[in-house]
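Asker: Here's a structure for you.
No value in this document is a laboratory result; all are computed from the given coordinates. A quick note: this is a predicted structure, and the numbers were derived from the prediction, not measured. With ideal geometry, Cβ positions are generated from the backbone for all residues, glycine too; neighbour counts draw on all protein chains shown.
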């Protein structure tokens, strides 16, 4: 009996130990997932704050009213109030060109700059880092404009007893600005790590009892908050979910009742506990996978569309240098404008989620209303002619002239409407009218097409809506155009009205509150000058280009053909490394996504060969459709010296050639 009791006790003890191990294992797996989620949440918060500041920083009027002549009331309305009311920022400080604090907003209120000296003082490391980044960008490309010259940095900062997540950006004019240039102002804006932010972490991500602790080294679990230099300023800790213990507590009576068949009960309980853990983990993984899938989709779609666009826009740039008749040059202009519009629309569609979140920033500038409407019609003249449709443009004389607004977004909306009108009109005509109203402009697109019932009109503006799937299959379209148009209109403070009857066509009317411009519209792009720099060794510069896409090879060869260069083209990274081993080059143009060996690994291999053989550093320029900031930073860390985005702009390509062949890129790399 004693032996049986002992054996039973041993079995029960073993089973109890197994249960405890299963509980701890399940809880540990859950904790690991929560820690990774918290790290991603902090990174996203910092990225959101920085993105808000960057969007506000590319603005000609903001540059003029901060750097050239400081206007505190305007600055408060467009920075302090906007960042607080719309973006929920708690502190915003602006420094002038001499690094003096000239503006401070506390919880959306403009206060004297000495009202919060702790925050102003804590912001100065970010200010210095932004200045250094701006100097680096201008040294790399003295002609840089807009975002290409905008210094940006981010990180946590501590001001007194408060801890903030902050982003900083220089305030630069928009591309095409020709006014006076002086030292740029810098804006630093931040969200306090406080109860509201911590509650949002719980509501959005299920992290329980999130708290901020001063010393995260002794808190378990915790995720550190790091400053610009990577120093720990504090940490966030939370109460981990313990599905293992919770399930054990819920099943205590079942466990006691199963004492006579303990081995079988242990198996069942372990299976149940693991199922509960899998459900908790799967729910968390689905949320994380959704974010990852969205980011990967955006990156992949951007790359795949930019690659064929490189062929269209690249060859258009090549052909613009040929001898063409007036009519041919006009047609080429339509191709170039249409390709540029497609590239811009791609960027807008990628930002569609920002439209819904209210984070897409409009870029206001002067534009010619009649010229913009004419370009929209020119884009679809071929499509209309193929269907024997009349495509008419009517511009009210009172609407002619220069207006202030986001011309790119207005053109996108009109293109969506004209494209739909031409698609769904079998015969007759399509017309675009531009009229003046007291508050701005009215654009009307009317057609003699199929029309639709008035009850179906609200469905037009739903995402992926297809009022008549039969017509949609016949004419194509994803059903996003009108939804994007409505989102952009709301951002601009405008409105859209639709009138339609079956068989009698439709009319879409956009009312936009716009104001007259005092400055002329931007000029057409000036002719691009070929680079003149040559290597000190004499003879034509030797350029190695790695590109696996045959169309892109053809475009690149055509763009470089007018120059006195010795070009070597290879089809993948492995061939690029072999070619570099065989002879010296003055410059390497490196694609990233290639078979055999990608551009990043090929760059690392070339840098290793240079180090092993003692050869001087050869400038390597990434030439890729990957344009997201984290991708570009990865290329720099791999050893690349500069970046030219696809579709390739010939001016940007020639500027990089100048820098590389004159030794500027090498000097920058040596100083880095």
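Asker: For a distance above 12 Å, tell me the whole-number percent of Cα pairs in segment 153-205 that qualify. The partial results should precede the final answer.
Answerer: Details: 1008 of 1378 pairs.
The calculated P(r) of segment 153-205 puts 73 percent of pairs beyond 12 Å.
Asker: Another question about this same structure. Can you give the alpha-carbon Rg of segment 32-239 over 2.2 N^0.38 Å, where N counts its residues?
Answerer: Working: Rg = 17.5 Å, N = 208, 2.2 N^0.38 = 16.7 Å.
Output field value: 1.05.
Asker: Taking every alpha carbon pair in segment 542-671, what does the distance histogram look like in 10 angstrom bins from 0, in percent?
Answerer: Pairs per bin, as whole percents: 13, 50, 34, 3.
Asker: What FRET efficiency would be calculated for the residue pair residue 457, residue 393, taking the C-beta separation as r and a Förster radius of 22 Å, to the nearest 0.05? Numbers along the way, then the final one.
Answerer: Values: r = 25 Å, r/R0 = 1.15.
E between residue 457 and residue 393, to the nearest 0.05, is 0.30.
Asker: I've got another one for you. According to a simple spin-label model (label point 7 Å from Cα along Cα-to-Cβ), what is the distance in nm between residue 44 and residue 128?
Answerer: Rounded to a tenth, the inter-label distance reads 3.4 nm.
Asker: Would you kindly work out the equivalent ellipsoid of segment 39-114 from its C-alpha gyration tensor and give its semi-axes, the square roots of five times the eigenvalues, largest first in whole Å? Don't jump to the answer; show the numbers that get you there.
Answerer: Values: eigenvalues 98, 39, 27 Å².
In descending order the semi-axes read 22, 14, 12 Å.
Asker: Want the number for residue 81 to residue 304: 0.36 nm per residue separation, take away the alpha-carbon distance, what's left? Walk me through the numbers before you get to the answer.
Answerer: Numbers: separation 223, 0.36 × 223 = 80.28 nm, distance 3.92 nm.
Between residue 81 and residue 304, full extension yields an extra 76.4 nm.
Asker: Oh, and also: For a quick protection proxy, order the peptides 450-459, 651-660 by their average other-Cβ count within 10 Å, most packed first.
Answerer: Details: 450-459: 13.9, 651-660: 21.2.
Packing proxy ranking, top to bottom: 651-660, 450-459.
Asker: In addition: Along its principal axes, what span do the Cα atoms of segment 355-516 show, with the longest given first and each in whole Å?
Answerer: Principal extents (Cα only, largest first): 42, 37, 24 Å.
Asker: In nm, give the distance between the simple-model label positions of residue 147 and residue 551, each being 7 Å from the Cα along the Cα-to-Cβ direction.
Answerer: 2.3 nm
Asker: Next question, about the same structure. Can you figure out the FRET efficiency of residue 385 with residue 279, using R₀ = 45 Å and their beta-carbon distance, to the nearest 0.05? All intermediate terms of the calculation are to be shown ahead of the outcome.
Answerer: Details: r = 59 Å, r/R0 = 1.32.
E between residue 385 and residue 279, to the nearest 0.05, is 0.15.
Asker: Now, a different point. What FRET efficiency would be calculated for the residue pair residue 633, residue 239, taking the C-beta separation as r and a Förster radius of 30 Å, to the nearest 0.05? Provide the component values of the computation, followed by the final result.
Answerer: Working: r = 35 Å, r/R0 = 1.16.
E between residue 633 and residue 239, to the nearest 0.05, is 0.30.
Asker: Let me ask something else. On a full-extension model of 0.36 nm per residue, what is the gain between residue 107 and residue 182, subtracting their alpha-carbon distance, rounded to one decimal in nm? Could you put the intermediate results ahead of the total?
Answerer: Details: separation 75, 0.36 × 75 = 27.00 nm, distance 3.00 nm.
Extra length from residue 107 to residue 182 when fully extended: 24.0 nm.
Asker: Once you keep just the Cα pairs under 8 angstrom separated by 6 or more residues, what percentage relative contact order results for segment 84-228? Before the final figure, lay out each step's value.
Answerer: Details: 233 pairs, mean separation 35.2, N = 145.
Computed value for segment 84-228: 24 percent relative contact order.
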